[in-house]
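The values are calculated or read from the model by the stated rules, or taken from the named source; none is laboratory data. Worth saying up front: this structure is predicted, and the values here are computed from it rather than measured. Neighbour counts are summed over all protein chains in view; Cβ atoms, including those assigned to glycine, are modelled from backbone coordinates with ideal geometry. Remember, those area values only see protein heavy atoms, side chains included, never the ligands or the DNA or RNA. Shrake-Rupley method; radii C 1.70, N 1.55, O 1.52, S 1.80 Å.
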Amino acid sequence: MDINALVDRALSLHQAGDLAGAEALYRDILVAGPGLADIHYLLGMAALGQGKVAVAIKSMRTAVRLKP
């Protein structure tokens, strides 16, 4: 599966409320493209929605560092 298909699937899961599933796919996407600021942001949002505040903060900081 290409990265665009993974992003589409992750966004679908996120919008459907499957935050754990979306988080897992965002992490897979970041293995292939660690510099994708938008994916770091979305990972942070998915983590925050699950109460994973430390993960959310780390992801958001990375997003801002990559794309101020």
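Quick check on the range 8-30. Is at least one of its residues open to solvent by 30 Å² or more (accessible area, probe 1.4 Å), β-branched (Val, Ile, Thr) and out of contact with any Cys (no Cβ under 7 Å at 6 or more places or on another chain)? No, the range 8-30 contains no residue that is open to solvent by 30 Å² or more (accessible area, probe 1.4 Å), β-branched (Val, Ile, Thr) and out of contact with any Cys (no Cβ under 7 Å at 6 or more places or on another chain).
On the stretch given as the range 38-63, residues that are loosely packed, with under 15 Cβ neighbours inside 10 Å and either touching a Leu at 6+ places or on another chain (Cβ under 8 Å) or not hydrophobic (A, V, I, L, M, F, W, C) (or both) total 4.
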